[in-house]
Amino acid sequence: MFKAASFSYDQTKTTFPILIAICIAHLANDLIQAVIPASYPLLKENFHLSFGQIGIITFCFQLASSLLQPVVGSYTDKRPQPYSQIIGMLFSFVGIIALAYSNNYYSVLFAVIMVGIGSSIFHPESSRVAYLSSGGKRSLAQSIFQIGGNTGTALAPLLMAWFVLPHGQRAILWFLLVAVVAQLVLAYIASWYKKVLFVMNGQAKRAIKLPDLSPTRINMAIVILLLLIFSKYVYIASITSYLQFYMMDKFAITDIQAQVYLFYFLIAVALGTLFGGFLGDVIGRKYIIWFSVLGCAPFTLLLPFASLFWTGVLISIIGLIMASAFPSILVYAQELLPKKIGMVSGLFYGFAFGMGGLGAAILGWFADQTSLETIYAVCSYLPLMGVIAYFLPNMKKIQYKEG
């Protein structure tokens, strides 16, 4: 037990108020960034964009989100920054204003880059807050943190359909209210985090348990996890960037109806994240990772041939299964490199965003050359990469050493 004045911090007890707060902050952050793909039908119509240009928008956003995250994470491993998340949200605030007032393609790119920078600053320290408040239940804590982001991502298409699409691009300004609420929550989190750092700095450092694995085996495991992230997030990019257009084209439904189907996928992702985090602590993260990626394959292979009804069913199942992996992947990587929590979090969030952006750009170009149905036929094979999870070491069975 650590104590300083009236504040106490126990590393063995889960701090649920902070976990809930960081979940809400993550919801706000990811809701704001999910406004970008949810606005694609509106932007495509307003600026007469090709699918390739839409892919570039996603690429610029994801690139801004991905490049800074490992740098921010590595820096805050050495110098924690309790108020960095507040600064990150200010960038997102600017991005939302810029997106609402964008009058050409290049101003849209500027707007999404601002939101991307905000997201890249937010994630590494937020993931560390989830770690510090976990009380040892790391997969559960990570899944609670992650479900906030996934719920925010799921809400964006519905809110766009209700408040923005009927009223036009300027109505995006309503999302500034989300950023204001987020800043209040982040101020509360920063106050707690600063006190935790003060208490921990006044105590002798505890020995960190390191996995008794060779550097080669650790590096190979990290590469396998990154490959699984690649397969997962390129497929997710195909859904978040192009599912609306695919369903409008194939089934002749409206853009508002298509937003609802995107919501089905994204809310399933949120639920899958929660279940995956809980099961990762119970049955082992390796098995959840294996099931989550490879288990989607039968359903992704069926999706290009499904009717409207079965498309809704299949994308819900895919989202539920596929999302269960990320909390386990991130915690697994943190267990491999326990001295580099921020860097690992930044690397994996950054790589996920980067692969999603690169995948969206390539798929957009590919859709312009072929068709939207073709990209789903090609992407349906990506989950088969999940078979490589077999080669991950079982962290429950290995020995640990102090370091």
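The values are calculated or read from the model by the stated rules, or taken from the named source; none is laboratory data. Remember, predicted model here, so these are calculated numbers, not experimental data. Cβ placement follows ideal geometry from the backbone for every residue including glycine, while neighbour counts extend to all protein chains displayed. The accessibility values were calculated without ligands, DNA or RNA, using every heavy atom of the protein model including side chains. Shrake-Rupley method; radii C 1.70, N 1.55, O 1.52, S 1.80 Å.
Taking only the alpha-carbon positions of the chain and ignoring solvent, what does the Debye formula give for the base-10 log of I(q)/I(0) at q = 0.06, 0.13 Å⁻¹? Here log10 of I(q) over I(0) equals -0.22, -1.05.
Charged neighbours of Ile18, selected by a Cβ distance under 15 Å, balance to +4 (K, R count +1; D, E count -1).
The order of the peptides 77-85, 131-139 by mean Cβ neighbours within 10 Å, most packed first, is 131-139, 77-85. Accessible surface comparison of Met247, Met385, probe 1.4 Å, protein chains only, largest first: the order is Met385, Met247. Between 0 and 90 degrees, the angle of helix 308-323 with respect to the longest Cα principal axis of the chain falls at about 20 degrees. What the stretch 250-403 shows is 41 Å² of accessible area per residue, with the surface traced by a 1.4 Å probe over protein heavy atoms.
Accessible surface for the stretch 1-143, divided over its residues, is 38 Å² per residue with a 1.4 Å probe. Computed packing ranks the peptides 260-267, 41-48, 329-336 as 329-336, 260-267, 41-48, most packed first, by mean other Cβ atoms within 10 Å. Every helix of 4 or more DSSP H residues in the chain counts as -39500 (n - 2.57), and over all residues that averages to -25500 deg cm²/dmol at 222 nm. Compared with the dominant principal axis of the Cα atoms in the chain, helix 84-101 is inclined by about 10°. Could you work out how far helix 138-159 tilts from the main Cα principal axis of the chain, as a 0 to 90 degree angle to the nearest 10? Here the helix axis deviates by roughly 20 degrees.
Oblate is the label for the stretch 182-308, because the ratio a/c of its alpha-carbon gyration tensor axes (a ≥ b ≥ c) is 1.5 or higher and a/b is not greater than b/c.
Near Leu210, the amide H atoms lying under 5 Å from its own belong to Lys401, Glu402, Gly403; only residues 5 or more places off or on other chains count, and H is placed 1.01 Å from N. Peptides 7-17, 356-366, 189-199, ordered by how many other C-beta atoms sit within 10 Å of their residues on average, highest first, read 356-366, 189-199, 7-17.
The portion of the accessible surface of the chain made up by carbon and sulfur, rounded to a whole percent, is 69 (1.4 Å probe; DNA, RNA and ligands excluded). Computed from backbone phi, the HN-Hα couplings of the stretch 111-128 come to 4, 6, 5, 4, 5, x, 4, x, 5, 5, 6, 5, 5, x, 6, 5, 5, 5 Hz, rounded to whole numbers (Karplus: 6.51 cos²θ - 1.76 cosθ + 1.60, θ = phi - 60°; Gly and Pro given as x).
When the surface is traced with a 1.4 Å probe over the full set of protein chains, Lys232 keeps roughly 10 Å² accessible.
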